[in-house]
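Heads up, the thing below is written out as structure tokens.
The values are calculated or read from the model by the stated rules, or taken from the named source; none is laboratory data. All figures in this text were calculated on a predicted structure; none of them were measured in a lab. Virtual Cβ from ideal backbone geometry, glycine too; neighbours counted across all protein chains shown. Surface areas here come from the heavy atoms of the whole protein model, side chains and all, with no ligands, DNA or RNA. Shrake-Rupley method; radii C 1.70, N 1.55, O 1.52, S 1.80 Å.
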Amino acid sequence: MKFHKQGLNIRKINLGSNHVSVASSLDDIAGIYQKVSEYEKALKCLEESLRIRKLQKDCDGMEIATNLFGMGIVYAANNDNNRAMECYHSSLEISCQVGTNPKLEAQALHQIGCVYATLFNYRDALQNWRTSLSKYREAGLDDDHYMVACTLGNIEMAENVLAGN
């Protein structure tokens with residue numbers, strides 16, 4: 001963490017506080033905070049990164065979608081399902097508008113399904129996981145890819161729950 005923070009400070013000094021490289025450093029630091037369950041600190045970094053990315057004139061939107069997705073992961077890990085869902089839906093909306101990354105769309109749909117499952121809403125979870133699976137396949141991923149396999153397992157689990165098994 002010490003070296004990441006030093007790198008962040010060097011980038012701020014050399015490139016300015018609103019440079020996209022500063023946002024990337026903040027994302028890295030957020031990932032470390034998330035791994036040690038310091039969710040508020042992770043979110044603070046991700047929010048600052050998002051602010052910086054929104055300032056970039058040449059931003060194609062995927063960085064923002066990815067950032068929102070990451071925020072959703074942190075909110076979900078902190079059991080804040082409403083905010084997680086907001087972030088995932090925003091990430092999905094932007095990803096669909098940009099249209100260049102079906103894998104990110106699939107991941108957002110997968111995570112939306114996971115939030116629904118956490119809330120015991122298996123019908124909506126199943127719908128999102130099925131759409132996610134379609135997007136993963138559109139992205140060229142085979143059934144042996146870990147995210148496809150995970151999604152297939154989730155679909156099977158939801159179908160079993162809904163069938164009363």
Contour excess over end-to-end distance, with Cα ends at VAL98 and ALA163 and 0.36 nm allotted per residue: 19.7 nm
Gap separating the Cα centres of region 89-165 and region 17-53, nearest whole Å: 26 Å
Cα-based Lys proximity count in region 1-128, under 28 Å, for pairs eight or more positions apart or on separate chains: 26
For THR100, solvent-accessible area (1.4 Å; no DNA, RNA or ligand), Å²: 100 Å²
Heavy-atom surface of the chain, accessible at 1.4 Å and reported per residue (Å²): 55 Å²
Computed helical MRE - 222 nm, the chain, DSSP H runs ≥ 4 contributing -39500 (n - 2.57), nearest 500: -27000 deg cm²/dmol
Apportionment of accessible area to carbon and sulfur, the chain, percent (1.4 Å): 49 percent
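Which loop-located trypsin sites (Lys or Arg not before Pro) does region 1-95 contain, where loop means any DSSP state but H, G, I, E or B and the Cβ has at most 10 other Cβ atoms within 10 Å? Can you show the working numbers first?
Values: sites: LYS2, LYS5, ARG11, LYS12, LYS35, LYS41, LYS44, ARG51, ARG53, LYS54, LYS57, ARG83; in loops: LYS57.
Sites meeting the loop and neighbour criteria: LYS57.
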Estimated FRET transfer efficiency when R0 is 35 angstrom, pair SER17-ALA149 (beta carbons, to 0.05): 0.25
On Cα atoms only, tilt of 146-163 relative to the major axis of the chain in degrees: 40 degrees
Label-reachable residues, region 31-56, where backbone N falls under 18 Å from a point 7 Å from LYS2's Cα toward its Cβ: 32-33
0 to 90° range, to nearest 10: angle between helix 20-35 axis and the chain longest Cα axis: 50 degrees
Crossing angle, helix 39-55 versus the chain [Cα axis fit, 0-90 degrees, rounded to tens]: 70 degrees
